[in-house]
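Let me begin by presenting the structure, written as structure tokens, before commenting on it.
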Amino acid sequence: MTTGGAPRAGAAGRLPGPAFPAALLAGLLATGCGATGSAGASGTPSPSASASTTPPEELCTRIVAHWSREVLDSTAYGDYQSMGLSNGQYEILRTVVDAARAAKKRQGADAADELIGREAAEGCARRYRSGGPTEGPWQ
């Protein structure tokens with residue numbers, strides 16, 4: 001662009017008209033950008049979306065194990081919301097960390113780390129066994 005003047009034509013010698021962005025947007029919306037997990041024309045998820053979705057118990061296990069390892073040597077747990085945990089996941093974390101601290105004293109850091117992975121998976125599997133919490137979004 002020139003200062004104070006009209007835009008100059010690009011290498012092709014023409015500028016895209018106002019219809020170009022709208023047409024591009026419409027095309028992207030119609031095709032779903034070709035991304036995995038995009039919704040189809042009916043608005044329902046495509047089969048690839050459900051196939052690539054991580055189950056809630058696996059997400060729970062990952063985040064609880066991560067934060068359990070982070071707070072293992074700390075004297076405080078921190079705020080569950082800042083960790084991205086629900087209240088129920090935070091309860092699992094507290095149980096896991098308490099057990100891991102005891103295991104670390106008795107058997108060492110490797111045993112505590114193994115326990116964290118196992119206990120987080122078991123706690124999250126119990127929590128999501130029936131399809132997830134139903135008492136509210138904070139649970």
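The values are calculated or read from the model by the stated rules, or taken from the named source; none is laboratory data. All figures in this text were calculated on a predicted structure; none of them were measured in a lab. Quick note on the areas: whole protein, heavy atoms, side chains included, nothing else; ligands and nucleic acids left out. Shrake-Rupley method; radii C 1.70, N 1.55, O 1.52, S 1.80 Å.
Assorted remarks:
- Surface per residue (accessible, 1.4 Å probe) for segment 54-139, Å²: 60 Å²
- Counting only heavy atoms of the protein chains and using a 1.4 Å probe, residue 70 has close to 110 Å² of accessible surface.
- Solvent-accessible surface of protein heavy atoms, probed at 1.4 angstrom with all chains present, puts 92, 116, 63 in the order 63, 92, 116, largest first.
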